[in-house]
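Peer 1: Could you have a look at this structure, given as structure tokens, before my questions?
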Amino acid sequence: MTNNKELERAELHKTIWRIANDLRGSVDGWDFKTYVLGMLFYRFISENLTAYLNEQERKAGDADFDYAMLSDKDAEFGRAETVKEKGFYILPSSCSPTCAPARATTPTSTRPSPASLPTSRAPPGQGQRRRLQGPVRRP
């Protein structure tokens with residue numbers, strides 16, 4: 001049984017390596033690695049920022065908040081504070097597609113417009129994060 005799994009694993013590794021070589025084409029291996037590592041890093045910081053902002057908003061009381069589903073205009077509200085806290089900022093539309101798989105298929109018209117969101121909010125308390133916007137609900 002384990003020998004069979006080892007054979008399957010070896011075959012999988014060969015297949016992945018062949019696909020990577022096919023994708024790489026005539027590009028130098030080092031350049032290809034740099035490209036792939038850059039893409040992986042961008043995915044990591046996108047997912048990290050999305051998870052961080054979602055967690056902060058949920059701690060502030062918005063259980064349905066999803067940063068990846070915000071419009072860029074609405075997300076601009078928290079840019080300065082997020083840059084102070086994290087040292088970087090990525091707009092939702094520029095985040096890795098893995099942050100919001102539904103974003104690509106969700107028409108913008110199903111997201112609430114800023115005009116439909118509540119505007120009066122109490123100022124944030126000590127240690128509380130300012131809210132980026134009202135609740136965003138997935139369809």
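The values are calculated or read from the model by the stated rules, or taken from the named source; none is laboratory data. Note that the coordinates shown come from a computational prediction; the quantities given were computed from them, not determined experimentally. Every residue, glycine as well, gets a Cβ built from its backbone with ideal geometry; the counts of neighbours run over all protein chains shown.
Peer 1: Does at least one position in the stretch 37-51 carry a residue that is more than 30 Å from Ala20 (Cβ to Cβ), among the polar types (S, T, N, Q), at pLDDT 90 or above and surrounded by 14 or more Cβ atoms within 10 Å (Cβ to Cβ)?
Peer 2: No, the stretch 37-51 contains no residue that is more than 30 Å from Ala20 (Cβ to Cβ), among the polar types (S, T, N, Q), at pLDDT 90 or above and surrounded by 14 or more Cβ atoms within 10 Å (Cβ to Cβ).
Peer 1: Are any residues in the stretch 49-74 assigned to a helix (DSSP H, G or I) and free of Cβ contacts under 8 Å to residues at least 12 places away in the same chain, and if so, which ones?
Peer 2: Hits for the stretch 49-74 are Ala51, Glu55, Arg58.
Peer 1: Just need a number here: residues in the stretch 16-44 that are of a type in the set (Val, Ile, Thr) and not in a helix (DSSP H, G or I).
Peer 2: Matching residues across the stretch 16-44 total 1.
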